[in-house]
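Worksheet: one structure, shown below.
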Amino acid sequence: QQYNPWLASAFAGGVSGSFTWAIIYPIDVIKTRIQTSPLSLNYQSSMWSTGQSLIAKHGWKYMFRGLGITLLRAFPVNGIIFPVYEFTLTQLTNNFDENNIEPME
């Protein structure tokens, strides 16, 4: 059976983007908490202490709240970006070859 390389690239992009978000999501939750804290609190906590505080107050599941919708967004976005990047790279490489232009190193 033959496979479509663009479809394979789109699938690989979707899976890798979703996997990345699943790993990074708790860090993003902590970052967002720090960024959105009122200035009047003079928030000087570290990422680690903020994460510990969130888990102690809300439980570990809080760190993944909203992950589902993020994954629904991440799969198609990254699934589109991968083949577009590969197509662009191919076009640029072909233009260099056709015009005898040496790429910058």
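Numerical summary
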read-out: Tally of residues being out of contact with any helix residue (DSSP H, G or I) (no Cβ under 9 Å at 6 or more places or on another chain) and open to solvent by 80 Å² or more (accessible area, probe 1.4 Å) across the range 55-71; value: 5
read-out: Residue within the range 52-64 that is in a loop (DSSP other than H, G, I, E, B), more than 21 Å from the chain's Cα centre (by Cα) and at pLDDT below 95 present; value: no
read-out: Positions within the range 34-54 being open to solvent by 80 Å² or more (accessible area, probe 1.4 Å) and among the hydrophobic types (A, V, I, L, M, F, W, C), in sequence order; value: Leu39, Leu41, Met47, Trp48
read-out: Gly79 open to solvent by less than 80 Å² (accessible area, probe 1.4 Å), on the phi > 0 side of the Ramachandran plot and within 20 Å of the chain's Cα centre (by Cα); value: no
read-out: Filter result for the condition that a residue is closer than 30 Å to Phe87 by Cβ, touching a Leu at 6+ places or on another chain (Cβ under 8 Å), open to solvent by 40 Å² or more (accessible area, probe 1.4 Å) and not charged (D, E, K, R), over Trp6, Trp21; value: Trp21
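The values are calculated or read from the model by the stated rules, or taken from the named source; none is laboratory data. Predicted, not measured: the structure shown is a model, and the values here were computed from it. Here the Cβ is made from the backbone with ideal geometry for all residues, glycine too, and neighbour counts use every protein chain on show. Calculation scope for accessible area: heavy atoms of the full protein, side chains included, ligands and nucleic acids excluded. Shrake-Rupley method; radii C 1.70, N 1.55, O 1.52, S 1.80 Å.
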